[in-house]
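Colleague: The structure's right below; bear with me while I get my questions together.
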Amino acid sequence: MTSRVAVLFPGQGAYLPGVLADRARHFPRAVEVLETIDAVAVEHGLEPVAPLVLERDAASLDDLLAKSSDQLDLAIYAVNAASFEILNGLGVRAEVLVGHSFGEFAALSGAGAVSVADVARMACTRTKAFRQADPAEGGLLALDVPAWRAEHLVGLLNDPGLRLAIDNGPGQTVVSGPVVSLRTVEEVAAGLGFRATRLRARYAFHNPALHVAADIFRSATADVRLSEPRLPVYSPVLGRYVRTVADAREVIGRNMVAPVRFYDALLSLFRAGTTTFIEAGARQALTGIVRSSLPTSARALPLLPSRGDMDSITASLDEAGFPVGWSPSPTRPGPAEPLAHEPRQSPRAAVVPPEQDSPPTRADVIAELADMYAKDLGFPVEMLSSDIDLEADLGVDSVKQLALFQRVRKQYGLSEPSAERRVRATTLDKIAELVEEQRR
């Protein structure tokens, strides 16, 4: 059976500030994508999003969720669409495209079923639909259990607002619902001994609770021009290939409220001979799902797991069996050049001995943390400067970060901070700040 390549497009949460810095500018088509999306943003009264993905000190995911959610969907789509153009520019060809949740819009545009400009307009329209419908505060909660167990839990609670929203595989199912209902699920999950993780989302996606917003969105996008896909697209919402204009319209119309059967999509593709999955977007959430859900003969590769340069992309592709032989060539600059940065300062190596009476300073704590993290992660201690972002710059996934933070708690005798504070503690400086606060 011939091996096939699937390109995966992530959805909610797939954003890293400056993830395309020193990458997009090498590919004229990627630059055009960003320019097109920025033009649509301005057309809808929004700030351009290219600076968010090209400047390393741009707003974080949490900041966008709190203050500029209008830009977040556009930024996620911009990374997805530009990533696909980078893959094309490197000569990597996909046999099938698959989007996860909002990522289905990127899959459709990558296949030529809808233009980049129209997807950007739909992203703006989608945000306006949420604002107009004003749904109750809700969210998403990931449970480290298979779908059948999550369904039993939802049925046991008998809460009409709760729904099984996303089936990612045997190790993760996502439920959606009102915030108060998700708190109940968290409590029950803790009592049953399995982990529940709140995801970064403002609404109860893939839940009938969003039907008013979905109706507004469908009406507002009814005249968007669609075509039959030029590349095969497999939709986890439809549970089948998108073959016609009507299919594409259905994917768009059901995206907010229909459950995402991503695990079923992966199984269907794998059984048909797809054994390589490349995640064309920021972070590596879908890569982790593939690795944990499919047999080891399936290969998963994140294109942009962290910030970096083109060498990190080509090295990963080469290791995965895609020798691209890429070398930089002069191209026109992107719509927003990355800002210049001063060299990062490494934490000093000296550590205050524990027998001293005076409490350790912030620099001392950072040095201790750098030593601990360097040994565990296998990085030179000099690399772990106080402001380097563990996920954005080093690609350390959230599970590993949580495990390391629990070691920090044990070493310093810390109580458990709020989930929001813990999520924001992605640099050694922020972690040291938590240590200092609890020592006061």
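Colleague: Going through segment 38-77 one residue at a time, which ones are among the charged types (D, E, K, R) and not in a helix (DSSP H, G or I)?
Modeller: So the first thing to find is which residues in segment 38-77 are among the charged types (D, E, K, R), and the list is 38, 43, 47, 55-57, 62-63, 67, 70, 73.
Answer for segment 38-77, where residues must be among the charged types (D, E, K, R) and not in a helix (DSSP H, G or I): Glu47, Glu55, Arg56, Asp57.
Colleague: Looking only at segment 14-29, decide whether some residue is hydrophobic (A, V, I, L, M, F, W, C) and over 21 Å from the mean Cα position of the chain (by Cα).
Modeller: yes
Colleague: Also, quick follow-up: Please name all residue pairs, on different chains or six or more residues apart, with Cβ atoms under 6 Å, provided the first residue is in segment 48-64 and is more than 23 Å from Arg202 (Cβ to Cβ) and surrounded by fewer than 23 Cβ atoms within 10 Å (Cβ to Cβ) and the second residue is aliphatic (A, V, I, L, M) and modelled with pLDDT under 90.
Modeller: Correct list of pairs: Glu55/Leu339.
Colleague: Scanning segment 260-301 for residues that are closer than 17 Å to Gly110 by Cβ, β-branched (Val, Ile, Thr) and under 22 Å from the mean Cα position of the chain (by Cα), which turns out surrounded by the most Cβ atoms within 10 Å (Cβ to Cβ)?
Modeller: This residue is Ile278.
Colleague: If I ask for residues that are within 20 Å of the chain's Cα centre (by Cα) and either among the charged types (D, E, K, R) or surrounded by fewer than 22 Cβ atoms within 10 Å (Cβ to Cβ) (or both), which ones from segment 140-163 would you list? Explain how you work it out, then say what you get.
Modeller: Of segment 140-163, the ones within 20 Å of the chain's Cα centre (by Cα) are 140-144.
Answer for segment 140-163, where residues must be within 20 Å of the chain's Cα centre (by Cα) and either among the charged types (D, E, K, R) or surrounded by fewer than 22 Cβ atoms within 10 Å (Cβ to Cβ) (or both): Ala142, Asp144.
Colleague: Among the listed residues Ala129, Ala190, identify the single one that is over 30 Å from Ala222 (Cα atoms) and assigned to a helix (DSSP H, G or I). First the steps, then the outcome.
Modeller: Numbers: Ala129 fails: over 30 Å from Ala222 (Cα atoms).
It is Ala190.
Colleague: Would you confirm whether or not segment 192-203 contains a residue that is more than 17 Å from Gln132 (Cα to Cα), of a type in the set (Gly, Ala, Ser), at pLDDT 95 or above and surrounded by fewer than 16 Cβ atoms within 10 Å (Cβ to Cβ)?
Modeller: Within segment 192-203, not a single residue is more than 17 Å from Gln132 (Cα to Cα), of a type in the set (Gly, Ala, Ser), at pLDDT 95 or above and surrounded by fewer than 16 Cβ atoms within 10 Å (Cβ to Cβ).
Colleague: Name every residue in segment 167-183 that is in a loop (DSSP other than H, G, I, E, B) and acidic (Asp, Glu), in order of residue number. Even if it seems obvious, please write down each step before you answer.
Modeller: Taking segment 167-183 and keeping what is in a loop (DSSP other than H, G, I, E, B), we get 170-171.
Within segment 167-183, none qualify.
Colleague: Something else about it: Looking only at residues in segment 66-112 that are among the aromatic types (Phe, Trp, Tyr) and touching a Gly at 6+ places or on another chain (Cβ under 6 Å), which one is surrounded by the most Cβ atoms within 10 Å (Cβ to Cβ)?
Modeller: Selected residue: Phe84.
Colleague: Here's a follow-up. Go over the candidates Leu414, Leu390, Leu394, Leu404 one by one and state the one that is at pLDDT 80 or above, touching a Phe, Trp or Tyr at 6+ places or on another chain (Cβ under 8 Å) and not in a helix (DSSP H, G or I).
Modeller: Exactly one residue qualifies, and that residue is Leu390.
Colleague: Further question: Read through the list (1) in the same structural domain as Ala117 (by TED's automatic domain parsing); (2) under 19 Å from Ala285 (Cα atoms), then give the number of the only condition that Thr173 fails.
Modeller: (1)
Colleague: If you don't mind, there's one more thing I want to ask. Give me the pairs: first residue in segment 113-134 and surrounded by fewer than 21 Cβ atoms within 10 Å (Cβ to Cβ), second residue at pLDDT below 95 and not in a loop (DSSP other than H, G, I, E, B), beta-carbon distance under 6 Å, and six or more apart or on different chains, which are they?
Modeller: Thr127/Asp70
Colleague: Is there a residue in segment 206-229 that is within 30 Å of Thr314 (Cβ to Cβ) and surrounded by fewer than 20 Cβ atoms within 10 Å (Cβ to Cβ)? Give the derivation first.
Modeller: First, the residues of segment 206-229 that are within 30 Å of Thr314 (Cβ to Cβ): 229.
Among the residues that remain, those that are also surrounded by fewer than 20 Cβ atoms within 10 Å (Cβ to Cβ) are: none.
Checked segment 206-229: no residue is within 30 Å of Thr314 (Cβ to Cβ) and surrounded by fewer than 20 Cβ atoms within 10 Å (Cβ to Cβ).
Colleague: Can you work out which of the residues in segment 304-327 that are polar (S, T, N, Q) and in a loop (DSSP other than H, G, I, E, B) is nearest to Glu85 (Cα to Cα)?
Modeller: Ser327
Colleague: Within segment 25-47, track down each residue that is touching a Pro at 6+ places or on another chain (Cβ under 9 Å) and either among the small types (Gly, Ala, Ser) or buried (at least 20 other Cβ atoms within 10 Å of the Cβ) (or both).
Modeller: Those that are touching a Pro at 6+ places or on another chain (Cβ under 9 Å) and either among the small types (Gly, Ala, Ser) or buried (at least 20 other Cβ atoms within 10 Å of the Cβ) (or both): Arg25, His26, Val31, Leu34, Ile37, Asp38, Ala39, Ala41.
The values are calculated or read from the model by the stated rules, or taken from the named source; none is laboratory data. Since the structure is predicted, the reported quantities are computational estimates derived from the model, not experimental observations. Note that we place each Cβ from the backbone using ideal geometry, even for glycine, and neighbour counts take in every protein chain shown.
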